[in-house]
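This report refers to the structure that appears directly beneath it.
The values are calculated or read from the model by the stated rules, or taken from the named source; none is laboratory data. Computed from a predicted structure; not experimentally measured. Using ideal geometry, Cβ is built from the backbone for each residue, glycine included, and neighbour counts are taken over all protein chains shown. For the accessible areas, the whole protein counts, side chains as well, though only heavy atoms, and no ligand, DNA or RNA atoms are used. Shrake-Rupley method; radii C 1.70, N 1.55, O 1.52, S 1.80 Å.
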Amino acid sequence: MVEFANWLQSTPFSVALQTRTWLIALLQAIHILMIGVVFVSLLMISLRVLDRVHREEAFSTVWDRFAPWMWTGLAAMALTGLFLIIGEPVRQATATSFWLKMGLLVVAVACVLWLRRATKNQAGPDPARATRLVAGGVIAILVVIVFLGRAIAYDVEVWGSWT
Amino acid sequence: MDLKLFAEAAQSTGVAEWMRTSVKAMPFIEATHVLCVALIFGSILIVDLRMLGYPHTKRPWTRTYSELIRITWAAFAVAVITGALMFAPNAVTYVGNTAFQFKMLALAAVGVNMLIFQSVSARSVAAWDQHASAPLSVKLAGVLSILLWITVIMLGRWIGFTKGYDFTVPEDVQFEFPG
C-alpha cells in the first residue's frame, strides 16, 4: 500500500495538486461544507425516527426530503476526498485515523441503508427499539468520523509513533 | 483596547500555554470546531432554503426554524469556545493574518444580516410563514446568509494554510541556505 502511495505521489496529477495550496484548501473547504449537508440531513432523518422533529410528517416524507441531499453531499465528499488522497497519498495511507475513518464510513452507509429498509413502509411514530438504536448510533458514528478526519493531520500525536 | 495588546494578553494566559503544550488537545479542539461549524452550516442551510421557498411552502417556516435553531445556537456556542481555544496559543499571529481578519469580518456580516432579518423582515412572518412566497428582503437575507457562511468556512480553512506565513519578505533581506 505504501509502495502504491509512493507511486501515486509522484504522478503528475498528484504533483499538480501538491503544488497548488489554494486548490487543496478549496477542496478541504468543500469537504467541510459537505460534512454539514450530510450530517444535518442524516440528523433530521435520525431525529424523525426518534420522533423529535417533523412529527406531523410520515417517515418516508422526511426521507424523500433529506435523502437526496445526504447522497449528493456524500458523493461530493467522496470526490473531494479522492482528490485530497491523491494530493497526499503517503500521509493518508500511513495514517491509522484514515483507515478507521474509511471503515466507519462503510458501517455508517450500511446503517443508513438498514434504517431506510426498516422504516420504508412505516407511517406511525413508533419504530422498533433496534431502529431507534441504529438512528442514534449512526449519528454517533458520524461524529467519530469527523474526529478521525481531523486526526489524520495529527496521527502520531493521537495514536502514538507506532503508526 | 489595542488589538495587539489583547492578543498578547490572550497568548500569555494559562489556557493558551496548556493548548501549546498539550499534545492531544489541539486535534480534539479542532475536530470539535469543524463538527460545530458543519452543524451550523447544515442547519442554517435548511432554514435559509426554506426562506427561498425550497423545497415547498407547505410546512410553516416557523416550525422549521424552531426545530433547528437550538442545534444552530448550541453548535455556535461550542464553535466560539473551541475557536477561542485555537486562537489563544497563537493570538498574535492570528490577529495579523489576513484570512483570519476577513473571517472575523464575514462573521460580523453574518451577525448584521441576522439582526436586520430578525428586526425587520421576520416581523412580517405571519404573511409568508406557510403557503406563500416570502418577500424579496427575506429571500435576500437567506441568500446572503448562505453565501456568508460559505465564505466563513472557506476563509477558516485558508487560515490553516497561511498562519505564520502571511507576510511579505522585505526586498533587502538576504537569505543564507546551508549546503
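Quick notes
- For chain B, the 222 nm mean residue ellipticity estimated from helices alone, with every DSSP H stretch of n ≥ 4 adding -39500 (n - 2.57) and the total spread over all residues, rounds to -24000 deg cm²/dmol.
- Estimated inter-spin distance, A:N6 and B:Q130, nm [label 7 Å along Cα→Cβ]: 6.6
- For segment A:2-159, the dipole from Cβ point charges (+1 on Lys and Arg, -1 on Asp and Glu) about the Cα centre works out to 340 debye, to the nearest 20.
- In summary, chain B shows an alpha-carbon radius of gyration equal to 1.29 times the 2.2 N^0.38 Å reference for compact globular proteins.
- Within 10 Å of each Cβ in A:56-69, the average number of Cβ atoms from other chains: 1
- Each listed q (0.15, 0.17, 0.18 Å⁻¹) maps to a log10 I(q)/I(0) for segment A:2-159 from the Debye sum over equal C-alpha point scatterers, namely -0.82, -0.97, -1.04.
- Shape call, the protein assembly as shown: gyration tensor on alpha carbons, a/c limit 1.5: oblate
- Once the Cα-Cα distance is subtracted from the 0.36 nm per residue extended length, the B:F102 to B:A9 segment shows a gain of 31.3 nm.
- Area buried, chain A against chain B - accessible surface, total, 1.4 angstrom probe, square angstrom: 2900
- Ordered from highest to lowest accessible area with the whole protein assembly present and a 1.4 Å probe, A:R91, A:R55, B:R123 read as B:R123, A:R55, A:R91.
- Using only Cα coordinates, the Kirkwood hydrodynamic radius of segment B:36-98 works out to 13.4 Å.
- Ranking A:V40, B:M86, A:P89 by Cα position along the charge dipole of the protein assembly as shown, where only Lys, Arg, Asp and Glu carry charges on their C-beta atoms, puts A:V40 farthest toward the positive end.
- Exercise: per-residue mean of other protein chain Cβ atoms within 10 Å, B:41-53: 3
- Computed over chain A: relative contact order in percent, which uses C-alpha pairs under 8 Å that are six or more apart: 31
- The residues of chain A expose, per residue, 49 Å² of accessible area to a 1.4 Å probe.
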